[in-house]
Amino acid sequence: MRRRPGDEAPEFELANLRPRWQQEALCREYGNPADFFPGRGEDLGPAKAICETCPVRAQCLAYALDEFEDRLDCGVWGGTSPGERKRLRRQRRVGDAA
């Protein structure tokens, strides 16, 4: 069920305990889920192309940077690869230390 702007909604969808923004993610509607979790050396292009125009790309990237830092980090999130997110986290830590 889609909510209209202004509707009150919990931060997480109760049905699946996922962040509310994920309901608006283009990856839920387009593309093959396997494109977002390719094997090592496989093409990330199809997933990244979908992410480029996704309205919740920033939320997705923030979620991946915050939630997966201490866990196995895989897949394309917010248009970035695991290696790209690792570099962003490193830059963030350097910026925080300055």
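Please compute P(r) over all alpha-carbon pairs of segment 20-97, binned at 10 Å starting from zero, and give each bin as a whole-number percent.
Computed distribution, short to long bins: 19, 52, 26, 4.
Explain nothing, just the number: relative contact order of segment 13-59, from Cα pairs under 8 Å at least 6 residues apart, as a whole percent. Write out the running numbers ahead of the final one.
Values: 31 pairs, mean separation 20.1, N = 47.
Relative contact order for segment 13-59 comes out at 43 percent.
Quote the FRET efficiency, to the nearest 0.05, computed for residue 20 versus residue 88 with a Förster distance R0 of 22 Å and r equal to the Cβ-Cβ distance.
FRET efficiency, residue 20 to residue 88: 0.40.
Between segment 22-42 and segment 43-98, what is the separation of their alpha carbon centroids in Å?
For segment 22-42 versus segment 43-98, the Cα centre distance is 14 Å.
What trypsin sites (Lys or Arg not before Pro) does segment 23-52 have in DSSP loop regions with at most 13 other beta carbons within 10 Å?
Within segment 23-52, the qualifying trypsin sites (Lys or Arg not before Pro) (loop, at most 13 other Cβ atoms within 10 Å) are 40.
Every number here is computed from the coordinates shown, using simple stated rules; none is lab data. Keep in mind it's a predicted model, so treat the numbers as computed, not measured. Every residue, glycine as well, gets a Cβ built from its backbone with ideal geometry; the counts of neighbours run over all protein chains shown.
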